[in-house]
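Please see the structure below; I have some questions.
The values are calculated or read from the model by the stated rules, or taken from the named source; none is laboratory data. Keep in mind that this is a model prediction, so the values were computed, not measured. Quick reminder, even Gly has a Cβ in these numbers, built from the backbone with ideal geometry, and neighbours come from all protein chains shown. Surface areas here come from the heavy atoms of the whole protein model, side chains and all, with no ligands, DNA or RNA. Shrake-Rupley method; radii C 1.70, N 1.55, O 1.52, S 1.80 Å.
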Amino acid sequence: MKIIATESYYQMSRMAANIISAQVIMKPNCVLGLATGSTPIGTYEQLIRWYEKGDLDFSQVTTINLDEYKGLSPENDQSYRYFMNTNFFDSININKERTHVPDGLEADSAKACSDYNKIITDCGGIDLQLLGLGLNGHIGFNEPGAAFEKETHCVDLSESTIRANSRFFTSMDEVPKQAYTMGIKTIMQAKKIVIVVNGANKAQIVKDAFFGPITPKVPASVLQLHNDVTLVGDKESLSLIQDHLQ
Ligand code: F6R
């Protein structure tokens, strides 16, 4: 694994955006796997800036997002489709028909997941997958205990996640109880993986995930088995793995 240590969230974002830019420049019709969450927002902002300067062209790029809440429409401002449109897609020249997020409105979970697996297969697999890291080591919605061999599947959200999400909704009933997520098998099939982390609260999980045992208890630990992973972190998030940095 390659580790890129940066000074700040801004520098982490620029570095991740640089790697993604290189991918888009080298292969204009590449397939990018994308993530939501707070960590990659700065990366998307940087990519938008370079697009606006005329340095990047997304017109042939395909994107595949990691996950979506089951039951939320693309217009719902808590949906991951809405997040991607507002934080990235609406500001670049990507063809929206080539941007994929699991269909939150598909009530038939088996169909939603097999449709999504087909999309991934039909576009020839993911060239570069961008990931964030959950505080408990989750990647996508693959929580501790998730099987390593799964493709896209439906997960039941934990009580604590449902409770935490309830602040964004007017009533508890509206809070999604399930989500569709790309599985670890699919993530591991990406040719290249870039994982972005920032903040002192991620320092322990960075150490556990990348220098601890490979175990489903820490889903991101499986990334130790991938042959092209780049971890891009700010100094706070990498503070407990100083010995491993050159
Ligand atoms: C996002 C996703 C999640 C986040 C993770 C980290 O699509 O699948 O696994 O990457 O929860 O979130 P942040 O970046 O908000 O700390």
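For the range 1-17, enumerate the residues that are over 19 Å from residue 88 (Cα atoms) and small (Gly, Ala, Ser).
Scanning the range 1-17 gives 5, 8.
How many residues are more than 8 Å from the ligand (Cβ to nearest atom), under 14 Å from the mean Cα position of the chain (by Cα) and not in a strand (DSSP E or B) when one looks only at the range 124-147?
Here the count works out to 4.
Does the range 48-61 contain any residue that is within 14 Å of the ligand (Cβ to nearest atom) and either among the aliphatic types (A, V, I, L, M) or under 20 Å from residue 187 (Cβ atoms) (or both)?
No, the range 48-61 has no match at all.
Determine the pairs where a residue that is over 30 Å from residue 31 (Cβ atoms) and without any contact (Cβ under 8 Å) to a residue 24 or more places away in the chain, located within the range 189-212, has a partner that is among the hydrophobic types (A, V, I, L, M, F, W, C) and in a loop (DSSP other than H, G, I, E, B) with Cβ atoms under 7 Å apart, the partner being 6 or more residues away or on another chain.
212/218
Give the number of residues within the range 7-24 that are open to solvent by 10 Å² or more (accessible area, probe 1.4 Å) and more than 24 Å from residue 124 (Cα to Cα).
Matching residues across the range 7-24 total 7.
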